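The values are calculated or read from the model by the stated rules, or taken from the named source; none is laboratory data. What you see is a predicted model; the values in this text were computed from it and never measured. We place every Cβ from the backbone using ideal geometry, glycine too, and count neighbours over all the protein chains shown. Surface areas here come from the heavy atoms of the whole protein model, side chains and all, with no ligands, DNA or RNA. Shrake-Rupley method; radii C 1.70, N 1.55, O 1.52, S 1.80 Å.
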Amino acid sequence: MLDNTRLRIAMQKSGRLSDESRELLTRCGIKINLQQQRLIAFAENMPIDILRVRDDDIPGLVMDGVVDLGIIGENVLEEEVLTRRAQGEDPQLSILRRLDFGGCRLSLAMPADSVYTGPECLDTKRIATSYPHLLKKYFDSKGLTFKSCLLNGSVEVAPRAGLSDAICDLVSTGATLEANGLREVDVIYRSKAVLIQRAGELSDDKQALVDRLMTRIQGVIQARE
Ligand code: ATP
Ligand code: ZN
């Protein structure tokens, strides 16, 4: 087991959040050597261990209390919360701060030549997505239903492949949609990266360290505004 007196922070190992997560921690004064392809990196100057994992694992690691803090996209966090609730669990965690990176939107997109006048156009249709619970929450709120086509990659090819009528996927520029003959028709969720903390009290030492980090994060983000 890892040394439980050290604060454990989970971040994405490699992907859209990893560079900025690392930079944020570095700007907070945490000296970490992430050069090696290691799961765990130890901070040299503070009692902090950095766990580097797939982003999808981060909400669960925090909810299960395996790590103290995590940096994760709200989209992935919310989908995991809704998934666990659908399984009858009552996931607990707190959001310490919304961060200033990782911005994207979860959108509905349809073949470019199709007519869209509102989400009711998609009532009872088949929609490909990696975010079935976020999509269901949106459709429920409109009193609509859809048939799910769950894909964890290549979502944007589903309509062309005849697998679905539409998709619900993350978008930042829209270039991927366009390249696949799709048109963004509605935004259902806007996401940024957030810093989250596990439920339950931290030891006094860990809490003092988290308070210090929060002050520094505040300063780093304000300086960038
Ligand atoms: P992993 O290998 O860790 O599972 P991944 O492929 O699932 O990575 P990335 O593509 O690296 O995930 O995206 C991580 C997060 O970055 C997304 O969940 C989202 O919060 C955010 N993000 C920001 N911009 C975009 C974008 N244009 N497309 C997708 N995700 C984006
Ligand atoms: Zn992922």
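By how many degrees, 0 to 90 and rounded to 10, does the Cα axis of helix 132-141 deviate from the longest principal axis of the chain? The helix 132-141 is inclined about 60 degrees to the chain. With R₀ set to 25 Å, the beta-carbon distance separating Glu23 from Ser154 gives a calculated FRET efficiency near 0.25. With R₀ fixed at 41 Å, the C-beta to C-beta distance from Val115 to Arg85 puts the FRET efficiency at about 0.75. Residue by residue, the stretch 16-23 carries 3J(HN,Hα) couplings of 5, 9, 5, 4, 6, 5, 5, 5 Hz when phi is fed to the Karplus relation 6.51 cos²θ - 1.76 cosθ + 1.60 (θ = phi - 60°); x denotes Gly or Pro.
Computed over protein heavy atoms with a 1.4 Å probe, the accessible surface of the stretch 148-225 works out to 55 Å² per residue. Shape verdict for the stretch 65-110, please, from the Cα gyration tensor: rounded (a/c under 1.5), prolate (a/b greater than b/c) or oblate. Since a/c reaches 1.5 but b/c is at least a/b, the shape of the stretch 65-110 is classed as oblate. On the accessible surface of the chain, probed at 1.4 Å, how many percent belong to carbon and sulfur atoms? With neighbouring chains kept in place, the figure for the chain is 47 percent. Our note on the geometry: Cα centres of the stretch 169-204 and the stretch 22-67, 21 Å apart.
Where does helix 74-86 land angle-wise versus the long Cα axis of the chain, in degrees 0 to 90, nearest 10? Between helix and principal axis, roughly 80 degrees. In the chain, the DSSP beta bridges split such that about 65 percent are antiparallel, to the nearest 5.
Positive end of the dipole of the stretch 88-225 (Cβ unit charges, origin at the Cα centre): among Gln207, Ile196, Leu170, the Cα lying farthest that way belongs to Gln207. Rolling a 1.4 angstrom probe over the protein heavy atoms with all chains in place gives the stretch 1-139 an accessible area of 49 Å² per residue.
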